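Notes follow the structure.
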Amino acid sequence: MNWDFIQEYLPLYESAALLTVKIGVAGIALSIVIGFLCAVVLFFKIPVLRQAVSVYIEISRNTPLLIQLFFIYYALPKIGIKINPEVCGMVGLAFLGGSYMAEAFRSGLEAIEPIQMESALSLGMEKSQALRYVVLPQAVSISVPAFVANIIFLLKETSVFSAISLMDLMFTAKDLIGQYYKTTESLFLLVVFYLIILLPVSLLGSFIERRLRYAGFGS
Amino acid sequence: MAEPLLKIEHLTKKFENNIVLDDISFDVAQGEVIVVVGASGCGKSTLLRCINALEPIQGGSIKLHGEEIVYGSKNLAKMRQQIGMVFQSYDLFPHKNVIDNILLAPMKVQKRKKSEVREEAMELLRRVGLDDKAESYPRQLSGGQKQRVAIVRALCMHPVMLLFDEVTAALDPEMVREVLDVMLSLAKQGRTMIIVTHEMQFARAIADRILFIDKGKIVEDTDPDTFFEHPASDRAKQFLNIFNFERSK
């Protein structure tokens with residue numbers, strides 16, 4: 001292992017990691033919003049929208065991220081929609097993640113007994129109030145484990161961003177291997193940086209899960 | 001007689017082609033306690049759910065203070081505030097403690113001050129013997145305690161009328177008593193209530209009127225003594241017989 005090489009190219013990885021995190025966080029935030037909206041549409045069985053959401057979820061879950069990114073980056077410009085690689089990565093991640101988040105939210109919503117909604121309504125709440133104060137808080141805490149798993153899954157998926165010429169971690173590693181043939185060092189740094197990004201998320205996730213399970217509703 | 005508080009006329013409820021409530025009509029006067037009895041599946045729970053518009057109805061009308069309660073209408077939430085309902089299964093919100101369960105609707109729906117509702121809630125909790133449980137979560141309470149909290153939660157909205165849907169059906173016998181005692185004291189205060197129950201002794205003690213429903217129709221609508229001593233219909237005689245046992249030895 002050539003430690004000098006590692007030291008020299010550390011800053012390159014740092015900026016690449018920053019880019020990965022930036023696009024990852026934005027894409028995941030967007031996918032949570034999409035997932036939430038889709039789950040509400042499915043839960044309330046809103047006509048037309050519901051069918052549209054189902055089609056979206058099937059497309060999103062049954063195509064690889066790489067192909068979704070290619071489509072956004074290479075095919076859309078042909079019909080006049082041009083977006084820069086960073087936005088492209090974000091949109092791609094959100095398109096993929098939206099469906100997974102939707103399913104996580106939906107399973108949480110469906111786990112709540114209908115009586116909860118009914119008793120909130122019979123106290124004179126509007127449907128939106130019942131959703132906000134009674135159903136959602138319970139559904140979200142049930143969804144948390146699936147939710148954390150999705151976030152980790154999506155962060156890992158960011159490794160295909162290099163395919164649309166984003167200078168992310170994977171891109172940097174491949175680039176260095178191509179230039180200097182320092183395969184071991186380049187891949188070592190790649191693994192270390194992905195661990196630095198993902199381990200805290202995993203640990204925080206299991207911490208939150210434990211708190212929700214034992215403390216949340218009183219034990 | 002004065003204008004009835006609740007007026008139900010020709011209420012019809014169907015699930016698909018299955019008629020659950022068939023041309024039901026009755027009035028409830030202010031302060032009256034009505035107990036609805038009948039075999040399982042006769043439609044008595046559905047009747048309560050229709051009054052609170054948790055179910056759409058296919059015919060007839062339900063009027064509270066002369067104002068119609070319509071499923072899906074804009075002022076439904078307003079109408080429901082006037083009707084308190086307690087369900088069979090524990091419908092407390094598990095993610096909130098007892099006091100927050102009670103305060104939620106008065107604060108969010110009626111926009112009342114927290115301090116004011118809290119004071120009222122604590123007083124009501126004290127009366128049902130649960131003031132020391134204000135900070136507990138529902139899963140830390142027994143079934144009977146949960147139902148008493150559910151009753152307090154409904155009362156804090158200042159409803160003009162209370163609906164009880166088999167509130168003791170899921171409870172141990174000892175806990176049944178503590179819940180029924182709370183309901184008896186509400187009746188003594190002159191609350192208007194419609195109660196669906198299988199506790200016949202209790203029905204007889206608390207009711208001003210008994211409605212006996214069979215196959216979606218009101219078969220008897222009479223005072224409790226007449227109903228239990230001299231039921232008019234064969235179906236009611238048959239039904240009451242279920243609760244009589246002959247000595248086996």
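The values are calculated or read from the model by the stated rules, or taken from the named source; none is laboratory data. Given the structure is predicted, the values throughout are model-derived calculations rather than measurements. So basically every Cβ, Gly included, is an ideal-geometry build from the backbone, and we count neighbours across all protein chains shown.
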Among the candidates A:Ser159, A:Ser165, residue that is more than 30 Å from B:Phe93 (Cβ to Cβ) and at pLDDT below 85: A:Ser165
If I filter segment B:34-92 down to residues being more than 12 Å from every other protein chain (Cβ to nearest Cβ), under 27 Å from B:Gly143 (Cβ atoms) and out of contact with any strand residue (DSSP E or B) (no Cβ under 8 Å at 6 or more places or on another chain), which single residue comes out as surrounded by the most Cβ atoms within 10 Å (Cβ to Cβ)? B:Gly41
If B:Arg247 satisfies every condition in (1) closer than 11 Å to B:Val37 by Cα; (2) of a type outside the set (Gly, Ala, Ser); (3) modelled with pLDDT under 90 but one, which is the exception? (1)
For segment B:193-249, which fully contained strands (runs of 3 or more DSSP E) count at least 2 residues that are among the charged types (D, E, K, R)? B:209-214, B:217-222
Working carefully through the options A:Leu96, A:Leu121, find the one that is in contact (Cβ under 8 Å) with a residue 12 or more places away in the chain and either out of contact with any His (no Cβ under 7 Å at 6 or more places or on another chain) or assigned to a helix (DSSP H, G or I) (or both). A:Leu96
Being farther than 30 Å from B:Leu76 by Cα, within 14 Å of another protein chain (Cβ to nearest Cβ) and in a helix (DSSP H, G or I) narrows A:Val91, A:Val134, A:Val144 down to just A:Val144
Tally, over segment A:47-88, of residues that are farther than 12 Å from A:Ile164 by Cβ and either modelled with pLDDT of 90 or more or touching a Lys or Arg at 6+ places or on another chain (Cβ under 8 Å) (or both): 18
Answer yes if at least one residue in segment B:95-117 is among the aliphatic types (A, V, I, L, M) and under 29 Å from B:Ile8 (Cβ atoms), and no otherwise. yes
For B:Leu163, work out the one condition from (1) within 12 Å of chain A (Cβ to nearest Cβ); (2) assigned to a helix (DSSP H, G or I) it doesn't fulfil. (2)
Across segment B:103-132, what is the number of residues that are part of a helix (DSSP H, G or I), out of contact with any Lys or Arg (no Cβ under 8 Å at 6 or more places or on another chain) and away from chain A (no Cβ under 12 Å)? 15
What about A:Ile28, is it crowded, with 18+ Cβ neighbours inside 10 Å, of a type outside the set (Ser, Thr, Tyr), over 22 Å from the mean Cα position of the chain (by Cα) and under 21 Å from A:Ala146 (Cα atoms)? no
Can you tell me which of B:Arg153, B:Arg139 is surrounded by fewer than 19 Cβ atoms within 10 Å (Cβ to Cβ), within 14 Å of another protein chain (Cβ to nearest Cβ), touching a residue at least 40 places away in the same chain (Cβ under 8 Å) and touching a Ser or Thr at 6+ places or on another chain (Cβ under 9 Å)? B:Arg139
